[in-house]
Amino acid sequence: MAFIEAASPHTMNTYGRVPIALSHGRGARVWDVNGKEYLDALAGIAVNTLGHGHPKLVPALQDQVAKLIHSSNYYHVPNQEKLAAKLSELSGLTNAFFCSTGLEANEAAIKLARKYGHDKGIEAPQIVVYEKAFHGRSIATLSATGNEKVQKGFGPLVPGFIRVPMNDIGALKSATEGNQDVVAVFFETIQGEGGINPMRAEYLQQVRQLCDERGWLLMIDEVQCGMGRTGKWFAHQWAGIRPDVMPIAKGLGSGVPVGAVVAGPKAANIFQPGNHGTTFGGNPLAMRAGVETIRIMEEDGLLENAATVGAYLKRSLEQELGSLPGVKEVRGQGLMLGMELDRPCGVLVNRAAEAGLLLSVTADTVVRLLPPLIFTKADVDETVTKLAPLVKAVLAE
Ligand SMILES: *Cc1c(COP(=O)(O)O)cnc(C)c1O
């Protein structure tokens, strides 16, 4: 048995980790270094879109690694253009900038909004953000984040954000009334880290209309809820709206770090040479991963799978656990689901791992399931069979 140290003497103490180390995976299964098998209902936090060791992705990435991993943005990267065109087709937007992570995509969005304002003569642009939002851990994105735990110890925060509650158009209007410095409204369609909290379709439509009336950019952080997870390419598409700016990342490269900010006509030409850039963003390996991930998702019908298997998972959780007094709600869409309990339930992460199931708990009380989009109904049955007794035990304590 390989012993897993609780803390390493040389890596910084940033994560409260589950005491296992994963060695390899296949589909929705992973094995740890001691050979124990797990069903993966977390997908590396909504990252491993195609699961593990996908038979179509692996040879494509092997081919790319052997050809060219990185070349820098001094030169054209043909797959950047290919992936940007594909993302435009899927989103109805027009231009993409590539980076490597979610926070970088959000940083680019914040910079776009600020320059959008400056180009209009607004010297101190302000961006509307939301309670319980999560946008990343850089100084600007943690300032946009609506969670004091994330911000604590890192002040002074970046100014220029106005915070409002979700799903309340009146609150948005009164918080911005008469304010000529507002340039953008920025939110997740379904808050991920905040506890799987969806924006209502009607609210999304109202905000779209308000942004049009006021000349604001509508910026939707689809880093977690995008890339097919909810059963549409991007979660806001369920409401029939289109943002002006859309940061994405997590699932885009099925495990290879790929981020992008995708923009429509109002924001696509704001950046000019010298305004923004990154060394790793859009490199040949990352772009191949993005292109192939989307191709395989289309070939294998994974949007439909996310929608139907996700609906089955939600129904199964509701049937098995939904009527227990301690279970407040099962919510979310497709394969982005949260089950809120009436008490903190962080212990479930380790207990589920012991039972051979990988999941997360977020916002203290919400069991979060983000399985790979290849998840099957049999995987759902196994998830619920493993999870149900653990939840019942927590509620009995
Ligand atoms: C994870 C996440 C981020 C940050 O992404 P990183 O790649 O960790 O920087 C930003 N926004 C949302 C909605 C996320 O879920």
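The values are calculated or read from the model by the stated rules, or taken from the named source; none is laboratory data. As the structure is a prediction and not an experimental result, all values here were calculated from the model. Glycine also receives a Cβ, built like all others from the backbone with ideal geometry; neighbour counts cover every protein chain displayed. With ligands, DNA and RNA removed, areas are computed over all heavy atoms of the protein, side chains included. Shrake-Rupley method; radii C 1.70, N 1.55, O 1.52, S 1.80 Å.
General observations
- Single residue of the range 105-148 satisfying the filter (more than 23 Å from residue 172 (Cα to Cα) and either touching a strand residue (DSSP E or B) at 6+ places or on another chain (Cβ under 9 Å) or at pLDDT below 95 (or both)) that is nearest to the ligand (Cβ to nearest atom): 105
- Taken over the range 92-116, the criterion of being open to solvent by less than 30 Å² (accessible area, probe 1.4 Å) and in a strand (DSSP E or B) is satisfied by 98, 99.
- Contact map, the range 347-361: residues that are within 18 Å of residue 397 (Cβ to Cβ) paired with residues that are hydroxyl-bearing (Ser, Thr, Tyr) and open to solvent by less than 40 Å² (accessible area, probe 1.4 Å), Cβ distance under 7 Å, separation 6+ or inter-chain. Pairs shown: 349/360.
- Matching strands (runs of 3 or more DSSP E) fully within the range 195-283 where at least 2 residues are open to solvent by less than 10 Å² (accessible area, probe 1.4 Å) and within 21 Å of residue 71 (Cα to Cα): 259-263
- Matching residues in the range 246-282 - criterion: being more than 15 Å from the ligand (Cβ to nearest atom) and under 13 Å from residue 84 (Cα atoms): 263, 264, 268, 282
- Checking residue 157 against (1) open to solvent by less than 30 Å² (accessible area, probe 1.4 Å); (2) away from the ligand (no atom under 16 Å from the Cβ), the condition it does not meet: (1)
- Of the candidates 233, 216, the single residue that is aromatic (Phe, Trp, Tyr), more than 14 Å from the ligand (Cβ to nearest atom) and closer than 27 Å to residue 49 by Cβ is 233.
- Enumeration of residues in the range 14-56 that are among the small types (Gly, Ala, Ser) and more than 12 Å from residue 371 (Cβ to Cβ): 16, 21, 23, 25, 35, 53
- When residue 35 is tested against (1) assigned to a loop (DSSP other than H, G, I, E, B); (2) within 16 Å of the ligand (Cβ to nearest atom), just one condition goes unmet, and that condition is (2).
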